Amino acid sequence: MEEVKLINDDGLRLDGRAFNEMRPIRITTGVVDNADGSAYIEWGANKIVVAVYVREAYPKHAQNIDKAIVKARYNMAGFSVEERKRPGPDRRTMEISKLISEALESAIMVERLPRAEIDVYIEVLEADAGTRIASLTAASVAVADAGIPMKDLPVGCTAGKANGKVVLDLSKDEDNYGDADIPMAILPKSGKIILLQLDGDVSEQELEEAMEMMLGAMKNISRIQREALMNRYMIEDGE
Ligand code: ADP
């Protein structure tokens with residue numbers, strides 16, 4: 001198959017970004033009135049809403065007397081992709097829901113909320129590559145916004161390879177026609193990796209390069225998450 005040209009002769013990507021440049025990210029909280037906590041993220045053209053509800057797990061036999069159950073449900077709206085997405089869960093959405101549930105659980109102090117269920121509803125309104133990571137990044141903020149005790153605020157990023165070069169934060173074209181896709185998430189305080197996937201072909205050195213780039217970018221994304229939470233409470237204080 002002929003290679004699709006994803007990087008031009010000046011070293012720029014199709015959307016004009018440098019190899020180590022992120023798409024813009026904006027996060028707001030408190031966007032769903034009925035929820036205990038919520039967040040909205042725009043990451044490039046991705047648009048995702050997360051609403052968090054905390055309740056006693058039901059039925060009773062489903063409760064864990066030692067800790068809370070964390071259930072994330074990732075869903076793509078029918079209009080979120082160019083070809084209408086078939087409604088309902090499929091293998092991919094179930095896999096992403098599980099990954100996000102586990103990543104969030106590693107940060108939540110679940111033992112502080114025995115018998116509880118934490119439902120994290122993720123609605124992807126527009127999808128443009130990197131939605132699992134954008135969803136987790138927003139879900140962390142929504143869980144914190146719900147006042148759920150957390151050890152740390154999970155944050156993620158993706159990198160990959162396009163035309164043989166390691167690039168940060170894959171675009172849709174790079175995801176489709178590139179050589180590799182590497183989503184990753186960490187607990188920033190401890191540095192613990194809570195999600196790492198690799199789809200494609202990379203050398204050990206390229207993987208290291210990609211991880212280094214992502215770790216650098218995650219520092220900024222963490223800051224955007226914390227600012228989103230601070231903005232919310234500063235505005236409320238001023239009212
Ligand atoms: P991620 O969104 O985490 O990168 P994938 O690598 O599986 O997950 O998907 C890449 C992109 O492909 C998505 O962000 C979305 O734009 C598109 N996509 C995923 N599933 C579908 C689908 N069922 N129909 C059309 N496009 C899809």
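Going through segment 177-207 one residue at a time, which ones are free of Cβ contacts under 8 Å to residues at least 12 places away in the same chain and under 26 Å from N8 (Cβ atoms)? Matches in segment 177-207: S203, Q205. Can you tell which of A129, A142 is in contact with a Ser or Thr (Cβ under 7 Å, 6 or more places away or on another chain) and more than 12 Å from the ligand (Cβ to nearest atom)? Result: A142 is the single residue among A129, A142 that is in contact with a Ser or Thr (Cβ under 7 Å, 6 or more places away or on another chain) and more than 12 Å from the ligand (Cβ to nearest atom).
Rundown of residues vs (1) within 16 Å of the ligand (Cβ to nearest atom); (2) under 14 Å from the mean Cα position of the chain (by Cα); (3) part of a helix (DSSP H, G or I), yes/no style:
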{"position": "V54", "(1), (2), (3)": "no, no, no"}
{"position": "I65", "(1), (2), (3)": "no, no, no"}
{"position": "P89", "(1), (2), (3)": "yes, no, no"}
{"position": "R92", "(1), (2), (3)": "yes, no, yes"}
{"position": "A134", "(1), (2), (3)": "yes, yes, yes"}
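Of the residues making up segment 15-38, those that are in a loop (DSSP other than H, G, I, E, B), touching a strand residue (DSSP E or B) at 6+ places or on another chain (Cβ under 8 Å) and among the hydrophobic types (A, V, I, L, M, F, W, C) are F19, M22, V31, V32, A35. Exactly one of (1) touching a residue at least 60 places away in the same chain (Cβ under 8 Å); (2) part of a strand (DSSP E or B) is unmet by K5. Its number? Every listed condition holds for K5 apart from (2).
The number of residues in segment 196-217 that are touching a strand residue (DSSP E or B) at 6+ places or on another chain (Cβ under 6 Å), within 15 Å of A185 (Cα to Cα) and of a type in the set (A, V, I, L, M, F, W, C) comes to 6. The single condition among (1) crowded, with 17+ Cβ neighbours inside 10 Å; (2) within 13 Å of the ligand (Cβ to nearest atom) that L104 does not meet is (2). When G160, G156 are screened for being within 23 Å of N231 (Cα to Cα), assigned to a strand (DSSP E or B) and within 14 Å of the ligand (Cβ to nearest atom), only G156 passes. Looking only at residues in segment 68-85 that are near the ligand (Cβ under 7 Å from one of its atoms) and over 30 Å from P149 (Cα atoms), the one that is surrounded by the most Cβ atoms within 10 Å (Cβ to Cβ) is K85. In segment 186-193, the condition of being under 21 Å from R23 (Cα atoms) and touching a strand residue (DSSP E or B) at 6+ places or on another chain (Cβ under 7 Å) is met by at least one residue.
Matching residues to (1) surrounded by fewer than 21 Cβ atoms within 10 Å (Cβ to Cβ); (2) within 16 Å of the ligand (Cβ to nearest atom):
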{"site": "K165", "(1), (2)": "yes, no"}
{"site": "D173", "(1), (2)": "yes, yes"}
{"site": "D179", "(1), (2)": "yes, yes"}
{"site": "A185", "(1), (2)": "no, yes"}
{"site": "I194", "(1), (2)": "no, yes"}
{"site": "D199", "(1), (2)": "yes, yes"}
{"site": "Q205", "(1), (2)": "yes, no"}
{"site": "E209", "(1), (2)": "yes, no"}
{"site": "S222", "(1), (2)": "yes, no"}
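Read-outs: derived from the displayed coordinates by stated rules, not from any lab. Small disclaimer: the values here were computed from a predicted structure and weren't measured. Heads up, the Cβs are rebuilt from the backbone with ideal geometry, glycines too, and the neighbour counts pull from every protein chain shown.
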